[in-house]
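Take a look at the structure set out below.
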Amino acid sequence: MNRQLWLNFALFFMVGGTFASGVLADGETAPARDPKQPVDAAYTEKIHKYTTQPFFTSPLVDYLPASKTVPTPQTVLGDISGAPGILPYAEDVYKYMRLLEKATPRVRVFSIGKTEEGREMIAVAVSSEENIKNLEENRARLAKLADPRTIKLDDAEADKLVAQAVPIYYITGTIHSPETGAPTALMELAYRLAVDESPYIKEIRYGTITLITPVVEVDGRDRMVDIYKWHLAHPKEFFPWLVYWGKYVAHDNNRDAMGVTLKLTENVLNTYVNWKAQVLHDLHESVPYLYDNTIGDEPYNAWIDPILADEWQIIGWNNVSAMTKFGMPGVFAHGDFDTWSPGYLMFMAAMHNGISRLYETFGNGGADTEERTLQPEEYARTWYRQNPPLPKVLWSQRDNNNYEETGLLTSLHFFNENKRMFLKNFYLKAKRSVRKPSEEGPAAYVLSADDPRPGLQAELLQVLQKQAVEISRSKSAFTVTLPAKKSKEAAKGKKEKDDKAEPTAPTAREFPAGSYVVRMDQPYSRIADALLDHQYWSPDDPQKTPYDDTGWTFGELFHVQVTRVTDAKVLDVPIDRVPEVRAPGGVKGDGAVFAINNNAEPALATLRYKLKDASIDAAEESFESGGKKFNRGSLVIRGVSRADLDRTAAELGVQITALGSAPSVKTHPVRAARIAFVHTWLSTQTEGWWRQALDKLGVPYDYMSTQAIAKTPELNAKYDVILFPPAGGWGNSVTAIVNGVPTAWGNPLPWKNTPQTPNLVGKNDSTDDMRPGLGWDGVARLQEFVQKGGVLLTATDTSWLALSLGFAEGISTQNANKLKIVGSVVGTRLVDDASPIAYGYDEKGAAYCDNGPIFSLSSIAGQRGRRRLGPEMHARPTGRGSMDDPDFTVGRVGVEAPEAPKFEIWESPPVMDEQKRNGFRVIPAAMRPRVIFRYADSKDLLISGLVEGGDEIAQHPAVVDAPSGKGHVVLFSINPVYRGETWGTYSMVLNTILNFDSLNAGRRDAAEAK
Ligand SMILES: [Zn+2]
């Protein structure tokens, strides 16, 4: 800091001192230090030194109070929090928190679980000695407010508890690994809360319990620190990008709060729910200088209690107000974040009757102090940002820490001052959740005991149980009345045509005994309602750029029947609580041949890989045996003992029937394919969800980079199936995947363990240089693999890649013009039920789509498939007669043109006579792509979320099996494996894997091939 700045700094302090006492309202506590408590002079001097502008700090953090007994963060860091060049590993952060715990009874550290790679996660409680001593007593009070059924929804009793309880404010840091500032800010925050004797901080300490998880993504933090250390050791070189954060996903670790598939989500959720916290405040870094995005922008999530929307404004605006008074620029609370999706980590508080909050502060992605230049829209003054950030500044990690701590301390203080209101709201939101059936409804969701997919049903219910939702089962059969629904046609004023349209009068629905009931009269009904309900995002919504997915309906994506019941009679059904939902499994009946009815349950793949030595076949037709009907694709198992099979089936929740004899229908073997799983070095997150699903299902694979594919000769000798899941991110182009990052300049970017990077390679992959891509060698290897009989499976952007590289004939893909599907649930239709890829699927289905590629088929090699451009295409030309008459010529006998053959939009167009003349480009029927699933008709396309311009993709193929050489390329336009939310479409991938050498089974045109 230069001399002039120092002077400004001193002047600011003087002004600040008078300001603080002069402007405060009656009874407000000044945000200023206690002059009687000594300051840690050396630490404070460094705070000033590392703060790059006097207005990038506040009276709350521009000093550090001294303590004779409690160590400062410097003890572990070697310098102060936010010092340049210093990023602690999670282990060092924990070491400091445990030193605090040892030094003061005001701090306690709790282990809250482990990550996928076995690293510890912690929560640190900071409060007064008394509050810390009475944690359990306090928890019991909060538990009653959290579940008002325990006090019979008695407001007077609640008021007593509200008066006695100490609220809990839970802060979480660095879930996003390149956003590096939170751990040091939270170390110092814990110290301040434990040590500072200023009235402002003391009030927080005595009135509130601050709970801190300083590192949420622990695996990613350690990798990030590694990379930063590598950067410090090679200051003149470019450094590798953080291609892996956690074991499976990167940025999407903050999109898991619906499916709860990651350890970090589960650990934070359990901590939040078990502590009965009122707030969950997650720290991020991207926007200058502090954006409280919880107020954000519309549309707000439609399942939150309106009380919460109010709380967001109350706390958020106080934040802006307090920091504006400190003179800190760039603090604002509105912006482009909509609050629609409940997938964000902090949103678990919103869905569990608390308050979700999120800061974006400004980080440098490391601890270097750097010149930062902003975009005009970032430094523009707007109605909600009266004191905007500066266009260009020198920015340090300390600046970032100052903002984070100041924001949190003002929030904590304001929260504490209004804690009775917030505690009462906490109770009210829980009470209103319990009263949901009699307020807005529904009364319950019912999942029938006769659902053909009990395994998927159990998976879905287990998600709800992770979310702390109570699940019950009916002791007897029961009937409820379902309301009449307007059909879509009727709603649009059109005439009823479809005889399968929704009923227009109320109907009675009977559910068998043992059906699952998710009652809405429970404290966490809100999250169950949000996950099971449907979503509608209007194309006319003023918000044109949804921040994330717009639809997620779990019943639809799991292919499980979920009935929304508004009839309150459902609450009178006698029930038992189910502590742990499990699908029933085992062998029933007598006989030496065993059969499993195929309903596209992913557990069938698990079973295939577990029973390595069993002989398993798939029936190519449906059959009946012992009075039981088995679908096409049902498995016939031999060569395994009944005891082994029974044990495995029970474990997996698979129901097996012993048959007197094998069915007489045609079968083919179902083999445990050897799988290579391909990733790029550009981005691994989107494929990470696929890895996670396969790991969970116990389907083994070799994990290979595009570089490794390029170097592996004879892929067919090692693999039957190559999965190339979506590359995502900036891998979303053919050139990026093939060429990688340019190597003509710069230095190699290694991803491997070195002395500076001991944690870089976890359970993932390594390379000396991340830059090279698949390369033309790799393209040739993949091509050869397919030609020689291998199966290549691609989805979304890698489907685009496969088609652009000419891996399959007769399919083209096009960019959408008007289509806008932003992470929605769309309708699909089964086209070819004889294909093994379709085994177990119903005619109507649902899938996740995010502007998937639009496939069109052609029967002519090299020709782009046609797209239906609208009804005017076949209109007659101008001439005599009515519109339906043919045009005819005067002076000549009229000739009818040959009728153009009709074909559906998803089909290969029939070959025209002219095309057959010397038709060397005509693809023989047996070599044409086979459409397995297509997108539903336009009117049925939208199930949940946003679909605009859906005509462009409606009816087009969604999953295509393209023969190529001796092998197949199986292309997905949908993404079948995504965020642990799409269990219903997993089997489209698993069926491809299990039937890899029989994909042509049931081809209607197979005879033509021979
Ligand atoms: Zn972030």
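The values are calculated or read from the model by the stated rules, or taken from the named source; none is laboratory data. Computed from a prediction, not measured in an experiment: that's the story for all the values here. Neighbour counts are summed over all protein chains in view; Cβ atoms, including those assigned to glycine, are modelled from backbone coordinates with ideal geometry. With ligands, DNA and RNA removed, areas are computed over all heavy atoms of the protein, side chains included. Shrake-Rupley method; radii C 1.70, N 1.55, O 1.52, S 1.80 Å.
Based on the alpha-carbon gyration tensor of segment 213-370, what equivalent-ellipsoid semi-axes (square roots of 5 times the eigenvalues) come out, in whole Å, largest first? Numbers along the way, then the final one.
On the way: eigenvalues 166, 95, 32 Å².
Semi-axes from the Cα gyration tensor: 29, 22, 13 Å.
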**Asked** Which peptide among 195-208, 570-583 comes first, and what is the full order, when sorted by highest mean count of other Cβ atoms within 10 Å?
**Response** 195-208, 570-583
**Rounded to whole Hz, the Karplus (6.51, -1.76, 1.60) HN-Hα couplings of segment 173-181, x for glycine and proline** = x, 6, 5, 9, 4, x, 9, 9, x
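For Ala925 and Asp613, FRET efficiency with R0 = 30 Å and r from the beta-carbon atoms, rounded to 0.05? Before the final figure, lay out the partial values.
Details: r = 39 Å, r/R0 = 1.31.
Given R0 = 30 Å and the Cβ-Cβ separation, E is 0.15.
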**Prompt:** Across segment 195-204, in residue order, what do the Karplus-derived ³J(HN,Hα) couplings come to in whole Hz, using 6.51 cos²θ - 1.76 cosθ + 1.60 with θ = phi - 60° and x for Gly and Pro?
**Reply:** 10, 5, 9, 5, x, 4, 6, 4, 4, 4
**Prompt:** So how much slack lies between Thr878 and Ser804, counting 0.36 nm per residue of separation and subtracting their Cα-Cα distance, in nm?
**Reply:** 22.6 nm
**Complete:** Given backbone amide H placed at 1.01 Å from N, residues whose amide H is under 5 Å from that of Leu358, ignoring those fewer than 5 places away on the same chain, are Asp282, Asn293, Thr294
**Request:** Run the quick spin-label model on Ser111 and Ser476: label points 7 Å from Cα toward the beta carbon, then report their separation in nm to one decimal.
**Result:** 5.0
**Message:** Using the Cα centre of the chain as origin and beta-carbon charges of +1 (Lys, Arg) and -1 (Asp, Glu), tell me which of Pro579, Ile943, Val463 is placed farthest towards the positive end of the dipole.
**Reply:** Pro579
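Heavy-atom accessible area per residue, the chain, 1.4 Å probe: how many Å²? Please report the intermediate quantities before stating the final value.
Values: 39650 Å² over 1010 residues.
Per-residue accessible area for the chain comes out at 39 Å².
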**Prompt:** Taking the alpha-carbon set of segment 281-395, what are its Rg and Dmax in Å?
**Reply:** 14.7, 43
**Prompt:** To one decimal place, what Kirkwood hydrodynamic radius in Å is obtained for segment 220-262 from all pairs of distinct Cα atoms?
**Reply:** 11.8
**Residues Gln375 and Ser622, FRET efficiency given R0 of 60 Å [Cβ-Cβ distance, rounded to 0.05]** = 0.50
**Request:** Based on a Kirkwood Rh over C-alpha pairs, give the Stokes-Einstein translational diffusion coefficient of segment 28-148 at 4 °C and viscosity 1.567 mPa s in µm²/s.
**Result:** 76
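Normalising by the residue count of the chain, find the relative contact order in percent from Cα pairs under 8 Å and 6+ residues apart.
Values: 2233 pairs, mean separation 106.2, N = 1010.
It comes to 11 percent, rounded to a whole number.
Under 1.5 on a/c is rounded, so check that first for segment 110-191, then, if it is not, pick prolate when a/b is larger than b/c and oblate when it is not; a ≥ b ≥ c are the square roots of the alpha carbon gyration tensor eigenvalues. Numbers along the way, then the final one.
Working: a/c = 2.58, a/b = 2.02, b/c = 1.27.
It is prolate, given that a/c is not under 1.5 and a/b is the larger ratio.
Just for the chain, what percent of DSSP beta bridges are antiparallel, to the closest 5?
On the way: 82 of 123 bridges.
So the antiparallel bridges amount to about 65 percent of the total.
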**Request:** Quick one: angle between helix 90-103 and the longest Cα principal axis of the chain, in degrees between 0 and 90, rounded to 10, please.
**Result:** 40
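Of the heavy-atom accessible surface of the chain (probe 1.4 angstrom), what whole percent is carbon and sulfur?
Numbers: 20500 of 39650 Å².
Carbon plus sulfur share of accessible area: 52 percent.
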**Asked** Hey, what angle do you get for helix 419-434 against the long axis of the chain, alpha-carbon based, 0 to 90 degrees rounded to 10?
**Response** 20
**Rg [Å, one decimal], Dmax [Å, integer] - segment 877-1010, C-alpha atoms** = 20.9, 70
**Item:** Helix axis angle, 397-417 relative to the chain longest principal axis, alpha carbon, degrees
**Value:** 80
**Item:** Cβ crowding within 10 Å averaged over residues, with 364-374, 745-755, 141-151 ranked highest first
**Value:** 141-151, 364-374, 745-755
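Quick one: if the Förster radius is 22 Å, what FRET efficiency do Glu580 and Arg647 give, using the C-beta to C-beta distance and rounding to 0.05?
0.70
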**Complete:** Packing-ranked peptide list from 167-180, 535-548, highest mean Cβ count within 10 angstrom first, is 167-180, 535-548
**Complete:** Applied in sequence order to segment 78-84, the curve 6.51 cos²θ - 1.76 cosθ + 1.60 (Karplus, θ = phi - 60°) yields integer Hz couplings, x standing for Gly and Pro, of x, 7, 7, 4, x, 5, x
**Item:** Sequence-distant residues sharing a close amide H with Asn747 (under 5 Å, placed H)
**Value:** Phe238
**Message:** At 1.002 mPa s and 20 °C, plugging the Kirkwood radius over alpha-carbon pairs of the chain into Stokes-Einstein gives what diffusion coefficient in µm²/s?
**Reply:** 69
**Request:** Mind listing the long-range amide H neighbours of Ala846? Cut-off is under 5 Å, sequence gap 5 or more, other chains count too, H placed in the peptide plane at 1.01 Å from N.
**Result:** Thr828
**Fill in**
segment 945-983 and segment 691-708 have their Cα centres apart by a whole-number Å value of 21
**Message:** Suppose a student asked you for the relative contact order of segment 851-1010, using Cα pairs under 8 Å spaced at least 6 residues apart; what percent would you report?
**Reply:** 22
